Amino acid sequence: MKKLISLFAAMILIAATAASCSSGGSTISITEYESITNGMTYEEVCDIIGGEGELLANTDLDLGDDLVTESYSWEGEGSVGANALIMFQGGKVISKSQAGLE
């Protein structure tokens, strides 16, 4: 029984560590999310949030740097599963969405 409890505790610790590392340890709040506007650069967004996001997609059709599209996600502060997704084109914000941020 002690081995089972120890194993369960270790699994929880590993899961918690993995969750905190997936977006560089930084999370986004609703206040930070609301301060992000179209036209901001990725660097400006990272400065607001306090860390880099996780790159989800990169689309480059060799039509020029202005048309390269990237989508990033950040874990959010708030309810379980809270997150923000921000899309950049040509290195600037073109859209954003969030779920569960507080």
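The values are calculated or read from the model by the stated rules, or taken from the named source; none is laboratory data. Computed from a predicted structure; not experimentally measured. We place every Cβ from the backbone using ideal geometry, glycine too, and count neighbours over all the protein chains shown.
Observations, loosely collected:
- Ser71 vs. criteria among the small types (Gly, Ala, Ser), over 15 Å from Ser26 (Cα atoms), modelled with pLDDT of 95 or more and within 11 Å of the chain's Cα centre (by Cα): yes
- For the range 89-102, filtered to residues that are in a strand (DSSP E or B) and touching a helix residue (DSSP H, G or I) at 6+ places or on another chain (Cβ under 6 Å), the residue that is farthest from Glu32 (Cα to Cα) is Gln98.
- The set of residues from the range 16-36 being closer than 10 Å to Ile49 by Cα and at pLDDT below 95 comprises just one member, Ser26.
- The range 32-61, residues that are out of contact with any Lys or Arg (no Cβ under 8 Å at 6 or more places or on another chain), surrounded by 13 or more Cβ atoms within 10 Å (Cβ to Cβ) and not in a helix (DSSP H, G or I): Gly50, Gly51, Glu52, Gly53, Glu54
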